[in-house]
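> Quick one: the structure is below, and I'll ask about it shortly.
The values are calculated or read from the model by the stated rules, or taken from the named source; none is laboratory data. Values in this document were obtained by computation on a predicted structure and should not be read as measured data. Please note: Cβ atoms are built from the backbone with ideal geometry, for glycine as well, and neighbour counts cover all protein chains shown.
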Amino acid sequence: MSWADIYPWTAPETGRPVIRQVYDQVRGAIHAGALKPGGRLPSSRDLAVRLGVARASVVAAYDQLLAEGYAEGRTGSGTYVSHDLSGVLDLKAPKPAPAPVAAPVLPDRALDLASVPTAPTSTEPQMFSNGRTLMDARALDAWSVSTRRALRTLGPQHFGYSEPAGDPRLRTAIADYLRAARGVVCEPDQVIVTAGAQHSVDLAARLLLRPGDKVWLEDPGYPQTWQALLAAQAQGVAVPVDRSGLVVQAGVESAPDARVAFVTPSHQFPLGVAMSMGRRLELIAWARAAGAWIVEDDYASEFRYEGAPLASLQGLDGGERVIYVGTFNKSLFPGIRLGYLVAPRPLVQPLAALRRLADRQPPTLTQAITLDFMDSGQFAAHIRRRRLAYRAQRDALADALTRRLGHMLEVDVPDQGMHLIAYLKDGRSDLDVEAKAATRGLMARAISPLFHTATPRQGLLLGFTGFPPKGMDAGVARLAAAVG
């Protein structure tokens with residue numbers, strides 16, 4: 001590949017030989033790395049037109065470059081930058097040091113955010129990494145059909161700007177789905193399409209919080225939510241979590257005047273507990289009395305394996321104080337980068353405006369594909385199949401852990417979600433096990449760093465949704481070597 005066709009060639013100046021100026025431009029672009037080895041150079045005719053010079057001048061400059069080894073000719077194809085430039089470029093020569101400049105003075109907020117770790121990326125998953133999904137052949141085929149259909153019907157909405165809150169048709173489909181599956185009380189105009197749950201949480205934090213405002217956060221809790229609040233310069237208040245979910249009374253005692261509570265009530269991260277109905281009603285009552293807001297991150301709510309579906313906080317509240325957050329990145333696959341939030345009516349326009357200022361709009365083509373996938377009934381069918389598959393994967397992992405490591409681990413099998421927690425016995429350090437597991441290609445995430453003021457527990461967060469049941473036993477065998 002070559003960028004020569006869009007390189008900013010400049011017309012020669014008067015007073016210097018034209019051939020030399022053309023030669024210097026091409027040679028300089030090669031030295032600067034703008035034109036890479038093997039890249040095609042413009043034809044002599046095309047470059048002559050661009051520079052406004054005689055073609056013979058370009059041919060002479062190319063002949064000089066060919067003679068010196070900067071370029072090579074290919075019969076019937078044109079002139080290219082030489083694949084081997086070692087004879088004309090000292091590739092090992094150190095680059096000149098840049099001129100010294102005064103170090104920039106970073107604002108406090110930039111210094112705070114500089115400490116936020118970068119998420120690891122890998123197309124080859126480590127065993128037990130969380131958030132991985134599997135799409136079966138039927139879902140992949142259906143997604144391909146939806147993609148081809150969307151591409152065949154490319155309309156004007158893809159070639160201009162669209163609504164910042166998202167395609168109205170997709171918002172209608174999401175509202176219909178949430179009313180049926182989660183008991184969410186909403187109309188399509190309350191749905192705002194985002195890039196995922198983290199984007200939704202960030203929008204809510206930036207809208208609702210001023211620097212120094214207090215906000216309830218689960219302890220232990222999702223680290224990216226804590227980091228989003230750091231970016232918003234809010235004051236995080238760690239509220240403990242027990243088997244019934246967020247301990248609302250502890251939050252009231254610590255910060256009754258908090259502006260927002262961020263919660264994962266259906267499948268608390270990381271412990272996996274579900275918030276009891278009593279706690280849900282208690283939390284809503286506090287928000288109404290305090291004039292506060294609740295952000296309900298309902299991630300992985302589609303994947304419940306035991307019992308009836310849990311009512312959403314938003315549905316219990318009637319949509320007055322709760323911002324509901326969901327994502328396709330968990331129900332479909334992380335690379336889709338599509339999520340949504342449901343806003344109380346007073347917040348719809350401000351959140352849509354904030355979303356527009358952030359990145360203008362969601363991608364129209366991705367929305368069109370997802371809409372077709374939902375309207376064709378494939379999304380609902382995919383969720384049904386994934387529930388069965390993920391339950392089998394959960395059970396296979398729990399069984400392998402109990403058989404091989406039951407004497408070292410206490411396995412907490414969740415009714416919902418995409419991971420389980422294996423608590424360490426005998427005082428072992430989960431950080432030590434995490435490090436040893438990493439050397440064996442395993443992602444056994446220690447949960448103790450996720451605690452803030454609550455007494456940390458030693459345990460491992462193990463994802464099961466990205467790995468077939470038949471591979472669990474071998475993965476647990478490798479984990480046993482790390483635990484032992």
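> Cβ contacts < 7 Å: first residue under 14 Å from Ala446 (Cα atoms) and assigned by TED's automatic domain parsing to the domain that holds Ser448, restricted to the range 410-424; second residue crowded, with 17+ Cβ neighbours inside 10 Å and acidic (Asp, Glu), any location; separation 6+ or different chain. Result?
Leu424/Asp430
> For the structure I just gave you, tell me whether Val185 is at pLDDT below 75 and out of contact with any Ser or Thr (no Cβ under 6 Å at 6 or more places or on another chain).
So Val185 fails the test.
> Give me a count of the residues in the range 337-376 that are under 29 Å from Leu316 (Cβ atoms) and free of Cβ contacts under 8 Å to residues at least 60 places away in the same chain.
2
> Can you work out which of the residues in the range 123-143 that are touching a residue at least 60 places away in the same chain (Cβ under 8 Å) and among the charged types (D, E, K, R) is surrounded by the most Cβ atoms within 10 Å (Cβ to Cβ)?
The residue in question is Arg132.
> When you check Arg171 against the structure, is it in a helix (DSSP H, G or I) and surrounded by 15 or more Cβ atoms within 10 Å (Cβ to Cβ), yes or no?
yes
> Quick check: is even one residue across the range 153-166 surrounded by 19 or more Cβ atoms within 10 Å (Cβ to Cβ) and assigned to a helix (DSSP H, G or I)?
No: zero hits.
> Quick check on this structure: which one of Val184, Val193 is in a loop (DSSP other than H, G, I, E, B), touching a Gly at 6+ places or on another chain (Cβ under 8 Å), surrounded by 19 or more Cβ atoms within 10 Å (Cβ to Cβ) and not hydroxyl-bearing (Ser, Thr, Tyr)?
It is Val184.
> Looking at the range 256-314 only, could you name the residues that are surrounded by 19 or more Cβ atoms within 10 Å (Cβ to Cβ), among the small types (Gly, Ala, Ser) and assigned to a loop (DSSP other than H, G, I, E, B)?
Ala258, Ser266, Gly272, Ala274, Ala292, Ala300, Ser301, Ser312
> Separate question: What number of residues in the range 232-250 are in a helix (DSSP H, G or I) and surrounded by 16 or more Cβ atoms within 10 Å (Cβ to Cβ)?
Of the residues in the range 232-250, 2 are in a helix (DSSP H, G or I) and surrounded by 16 or more Cβ atoms within 10 Å (Cβ to Cβ).
Okay, residues lined up against (1) surrounded by fewer than 22 Cβ atoms within 10 Å (Cβ to Cβ); (2) within 23 Å of Ala300 (Cβ to Cβ); (3) charged (D, E, K, R):
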site	(1), (2), (3)
Gln349	yes, no, no
Pro362	no, yes, no
Gln378	yes, yes, no
Arg384	yes, yes, yes
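> Consider only pairs whose beta carbons are under 8 Å apart and that are at least six residues apart or on different chains; among these, list those whose first residue lies in the range 63-76 and is touching a residue at least 12 places away in the same chain (Cβ under 8 Å) and whose second residue is aromatic (Phe, Trp, Tyr).
Final answer for the pair search is Gln64/Tyr23; Leu65/Tyr23; Ala71/Tyr62; Ala71/Tyr80.
> From the list Leu388, Leu420, Leu371, pick out the single residue that is loosely packed, with under 15 Cβ neighbours inside 10 Å and either part of a loop (DSSP other than H, G, I, E, B) or under 27 Å from the mean Cα position of the chain (by Cα) (or both).
Among Leu388, Leu420, Leu371, only Leu388 is loosely packed, with under 15 Cβ neighbours inside 10 Å and either part of a loop (DSSP other than H, G, I, E, B) or under 27 Å from the mean Cα position of the chain (by Cα) (or both).
> Filter the helices (runs of 4 or more DSSP H) completely within the range 1-79 down to those with at least 3 residues that are closer than 18 Å to Leu89 by Cβ. Show your work before the answer.
Numbers: elements: 18-32, 44-51, 55-68.
Result: 18-32, 55-68.
> Could you list, in sequence order, the residues of the range 437-484 that are closer than 18 Å to Pro220 by Cα and in a strand (DSSP E or B)?
Arg445, Ala446, Gly459, Leu460, Leu461, Leu462, Gly463 - these are the residues of the range 437-484 that are closer than 18 Å to Pro220 by Cα and in a strand (DSSP E or B).
> Output the residue which, of all residues in the range 293-351 that are of a type in the set (Val, Ile, Thr) and over 20 Å from Gly272 (Cα atoms), is modelled with the lowest pLDDT.
Taking the candidates together, the pick is Ile336.
> Taking Lys330 as meeting all but one of (1) basic (Lys, Arg); (2) within 21 Å of Pro270 (Cα to Cα); (3) out of contact with any Asp or Glu (no Cβ under 8 Å at 6 or more places or on another chain), write down the number of the exception.
Lys330 satisfies all of (1) basic (Lys, Arg); (2) within 21 Å of Pro270 (Cα to Cα); (3) out of contact with any Asp or Glu (no Cβ under 8 Å at 6 or more places or on another chain) except (3).
> If I go through the range 214-228 residue by residue, how many of them are more than 15 Å from Pro240 (Cα to Cα) and either polar (S, T, N, Q) or at pLDDT 95 or above (or both)?
Of the residues in that region, 4 qualify.
> Let me ask something else about it. Under 9 Å by Cβ, and 6 or more places apart or on different chains, what pairs join a residue from the range 454-480 that is within 14 Å of Glu434 (Cα to Cα) with one that is part of a helix (DSSP H, G or I) and of a type in the set (Lys, Arg)?
Qualifying pairs under 9 Å: Val476/Arg403; Val476/Arg404; Leu479/Arg404; Ala480/Arg404.
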